[in-house]
Amino acid sequence: KILLKPGDPLPTDRTQIDAIIAAMRTAIGAMRGDLLKMHNLLVRLDGTGLGAIALSRQVAATRPTAPDDAARLAALKTALDKSITSARALAVQGRVEIGAYVEYLTGQETSLGKLEDQLKGARPLAGK
């Protein structure tokens, strides 16, 4: 939304630019909140994964008592192990995506801070 190019004069009324910068800061804050929510989901996924690992071990240690129990327990353990593997892969990919998001937001905040610094130190053109 800010269409100034190097060398362009600053508008005499910076109200619009200040409002845009404030909106950008608000948007970045909302994105940071989204990052926190995604991180919390990964933490819960880790906890659920630990519970699934414990359950898988419990199933593996269970002694079959009926003729079909061994096959059912093996199928349950296989399903649990697949879920655990999928959850781990999801957590790894989620962390990669969150890391990229953090880097992106950090770059946006840095750029916005530099823009604000430039605007604060800017002087109107001579004769204007």
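Each Lys and Arg adds +1 at its Cβ and each Asp and Glu adds -1 at its Cβ; summed about the Cα centre, the range 8-128 shows a dipole of about 280 debye.
Once fully extended, how much extra length lies between Ala70 and Thr15, figured as 0.36 nm per residue of separation less the alpha-carbon to alpha-carbon distance?
Working it through step by step, the gained length comes to 12.5 nm.
For the range 5-128, the convex hull drawn through the C-alpha positions has a volume of 104 cubic angstrom per residue.
Maximal additional length on extending the Arg44-Ala60 stretch stands at 3.3 nm, based on 0.36 nm per residue less the C-alpha distance.
Within straight-line reach of Lys120, meaning a Cα separation under 14 Å, sit the following aspartates and glutamates at least 8 residues removed in sequence or on another chain: Asp13, Asp18.
Each reported figure results from applying straightforward, stated rules to the coordinates on display, with no laboratory input. Since the structure is predicted, the reported quantities are computational estimates derived from the model, not experimental observations. Heads up, the Cβs are rebuilt from the backbone with ideal geometry, glycines too, and the neighbour counts pull from every protein chain shown.
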